[in-house]
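The structure appears below as C-alpha cells.
The values are calculated or read from the model by the stated rules, or taken from the named source; none is laboratory data. Treat the numbers as computed from the prediction; the structure is a model and nothing was measured. Cβ atoms come from the backbone with ideal geometry, glycine included; neighbour counts cover every protein chain shown.
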C-alpha cells in the first residue's frame, strides 16, 4: 500500500527551506514516495494548524522550517510552542511527523544544517517519519 505524505514548509527563509525540501525530497524518492503534497506557509508557527487541518488525509507529515535567534525571547516562544504542538498532534492522532524545523543562532549555522550535502536536516526528518511508518 502506498503511503500518503504531506510536507509542510515554512518559507520565511526561502533559501534555507529550499535546501530542507531538497534533502526531504531525495529521501522520499529513494524510499519509493514519488508523489507527496507540499504546503507552503509563511513561518513555523503556522505549521501545526496546517498539519491539524490535514491530519486525516495523510499517513505521515514532515515539518520543515527555520528559526534564527534574534535579540528578543521571540525565538524561544515560537520554537517551543511549535515543537510542542507538533508533538501533541503526533501523539494524539498517532501519526508520525518528522521534525525538520531547525533552530539556529546564526544564518551561517542554518545554511550548514539545512544543506543536503552537510547536515541534511530535511533528509533526517524524512528518514525519521518513514521509519515510524515502517518504510
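List of remarks:
- Test for residue 8: is it farther than 25 Å from residue 135 by Cβ and either in contact with a helix residue (DSSP H, G or I) (Cβ under 9 Å, 6 or more places away or on another chain) or assigned to a loop (DSSP other than H, G, I, E, B) (or both): no
- Among the residues of segment 54-74, just one is over 18 Å from residue 98 (Cβ atoms) and under 17 Å from the mean Cα position of the chain (by Cα), namely 68.
- Residue in segment 4-24 that is crowded, with 17+ Cβ neighbours inside 10 Å, more than 25 Å from residue 109 (Cβ to Cβ) and modelled with pLDDT of 95 or more present: yes
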